[in-house]
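Presented below is the structure to which this report refers.
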Amino acid sequence: MISIAFKNSQRLSHLINDLLDMEKLVAGKMHLALSLVHLPGLLEQVVNQISGYAQSYGVSVVLSLPVPDVCIRVDPERVNQILSNFLSNAIKYSPSDGEVHLIAGVMDNKVRLSVIDQGPGIPESFRDKVFQQFAQADSSDTRQKGGTGLGLAISRKLADAMGGTVGFASEPGRGATFYVEFNREDRPA
């Protein structure tokens, strides 16, 4: 009973935090501490923080190496939040013993951070709703995967607030790729 109560309190806390974040973002009152962030260290931190969650699902999170030696001007805590949202969804929808990949790439002046899963993909009928508040592909009372339906909406708003963009690609039965892009910044000499 204590374990169930603890898990329920964690879920409630997560829901409250998501609602508060969404309210701040919509009202334009979210404080962002933008700084020049070195990408390799940030991504290693994200993977280390989510590894316990991934293990509970029997999934491995793989950081594709080498990570480009570049910087982005962002709030590192909020980029961590975006990537954690992408990764937790990918982990939930990947098969046990599956892998979720975090890949960083640079094209022209953009840095793209992609999370790739081996899940069922996103149904065609749900694709235009993916980044909407409270959106869930399975919103029935008997759905198999938990969540508030706010994580991706928050991720989009956070990326927008830092001058970035989010997007996804998916093929039914072949997984999904969620990404966030930011402008590449020069490292100080």
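Which value in nm describes the separation of the simple spin-label points at Asp69 and His38, placed 7 Å from the Cα toward the beta carbon?
A separation of 1.0 nm, rounded to one decimal place.
List nothing, just return the count: lysine pairs in the range 33-185, 8 or more apart or interchain, with Cα separation under 23 Å. The partial results should precede the final answer.
On the way: Lys92/Lys129; Lys92/Lys145; Lys92/Lys157; Lys110/Lys157; Lys129/Lys145; Lys129/Lys157.
Value for the range 33-185: 6.
Sort the following peptides by mean Cβ neighbour count (other Cβ atoms within 10 Å, averaged over residues), highest first: 175-187, 35-47.
Values: 175-187: 18.5, 35-47: 16.5.
Going by the mean number of other Cβ atoms within 10 Å, highest first, we get 175-187, 35-47.
Using label points projected 7 Å from each Cα along Cα→Cβ, tell me how many nm separate Val106 and Gln132, to one decimal.
3.9 nm
Just for the range 33-185, what percent of DSSP beta bridges are antiparallel, to the closest 5?
85 percent
Bear in mind these aren't lab numbers, they're just calculated from the coordinates by the rules spelled out. Every value quoted in this text rests on a predicted model; they were computed, and no experiment measured them. We place every Cβ from the backbone using ideal geometry, glycine too, and count neighbours over all the protein chains shown.
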